[in-house]
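The values are calculated or read from the model by the stated rules, or taken from the named source; none is laboratory data. This one's a predicted model, so the numbers in the text were calculated from it and none came from an experiment. All Cβ positions, even for glycine, are placed from backbone atoms using ideal geometry, and neighbour counts span all protein chains on display.
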Amino acid sequence: MKLVVDRTAPYHYSDPATGQRFFSVSQVRNVLWPYVERENDEATRRRGTEIHLYWGLLLGSRAGLCPLPEPVFEYEGYCRALREAADVLKVRPIRIEDPSYNLEMGIAGQPDTLAWVSGPWKERIGLIDVKTGMETKTDGVQLMLYKTLQGYESAKVMLDLYVRVDGGFQIKERVYDPHAMAWALNGIGVLKGRNL
C-alpha cells in the first residue's frame, strides 16, 4: 500500500489504489489535547522538520546508506544531542520515517524510527520518537498508536527522545497504558463521528 499525505484533508492519509482513507496519529493527538496543534507555529514546524531530517540522515549513515551529515548550523545543539543519544542507545536502524497504517483502527502515521537499541536493557527492538519541544500529555499515546501500525508491532520498548537547544537530551521510556489507549480510541471515535 502506497500512502499519500494531505494535511488539509479530513483524512490525512489515503491510498489512491484502494481508496482507503486514514486519520493520522497527529489528528488523534489533536482531538485529545488541542495544545499539540497550538504549539505548532511556523518556527516550531521548521525546527522539527530540520531536526527530523538530520536524525534520519544520522541513522542512514549508521546503516551505511549515506555519509554522516553535518550539523545544521542553526540547530547545532539539537544535532549534538541526537548524535549523543544515538550513541547512548547504540541505535541500529530497521525503519526510518517509513509510513504505515492500521486498517482495523483506521489510522496511519510515520514513526521516526524502528531500531535495535540497547542501554539500560539488553538489545531489543525499539520505537523511537524524537521531540524538540516540551512534553505533552499525548506523547505516550503517540508511541502506543505507532506500535499498532503494520510493521511496527515488533517493538519491545517505546522511547521518546527529547532533545534541547543546549545539546542536552532525555530518553523517556513509555509503557502500554490501557487507560491512555482507551482515551486514544475515543479520540478516533470522535474523528469518525465528525466525518459521518
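Test N30 against the stated conditions and say whether it is loosely packed, with under 15 Cβ neighbours inside 10 Å and either among the polar types (S, T, N, Q) or at pLDDT 95 or above (or both).
Spelling it out, it is not the case that N30 is loosely packed, with under 15 Cβ neighbours inside 10 Å and either among the polar types (S, T, N, Q) or at pLDDT 95 or above (or both).
Taking Y101 as the residue in question, decide whether it is surrounded by 20 or more Cβ atoms within 10 Å (Cβ to Cβ), hydroxyl-bearing (S, T, Y) and within 30 Å of N186 (Cβ to Cβ).
For Y101, the condition - surrounded by 20 or more Cβ atoms within 10 Å (Cβ to Cβ), hydroxyl-bearing (S, T, Y) and within 30 Å of N186 (Cβ to Cβ) - is met.
Mind telling me which of the residues T18, T8 ends up being closer than 22 Å to I107 by Cα, free of Cβ contacts under 8 Å to residues at least 12 places away in the same chain and either of a type in the set (F, W, Y) or loosely packed, with under 11 Cβ neighbours inside 10 Å (or both)?
After applying the criteria, what remains is T8.
Six or more apart or on different chains, Cβ under 7 Å: which pairs go from a residue in segment 49-69 that's under 18 Å from G167 (Cα atoms) to one that's surrounded by 13 or more Cβ atoms within 10 Å (Cβ to Cβ) and basic (K, R)? Could you list them?
Filtered contacts from segment 49-69: L58/R83.
Which residues, counting only those in segment 143-169, are within 16 Å of the chain's Cα centre (by Cα) and part of a strand (DSSP E or B)?
Selection gives V157, M158, L159, D160, L161, Y162, V163.
Could you tell me how many of the residues in segment 99-118 are closer than 17 Å to L59 by Cα, touching a helix residue (DSSP H, G or I) at 6+ places or on another chain (Cβ under 8 Å) and in a loop (DSSP other than H, G, I, E, B)?
Looking only at that region, the number is 3.
Restricting to helices (runs of 4 or more DSSP H) lying wholly in segment 24-85: which have 3 or more residues that are touching a helix residue (DSSP H, G or I) at 6+ places or on another chain (Cβ under 6 Å)?
Counting at least 3 such residues, we get 25-32, 42-62.
Is it the case that D112 is in contact (Cβ under 8 Å) with a residue 60 or more places away in the chain, surrounded by 19 or more Cβ atoms within 10 Å (Cβ to Cβ) and within 10 Å of the chain's Cα centre (by Cα)?
Yes: the conditions hold for D112.
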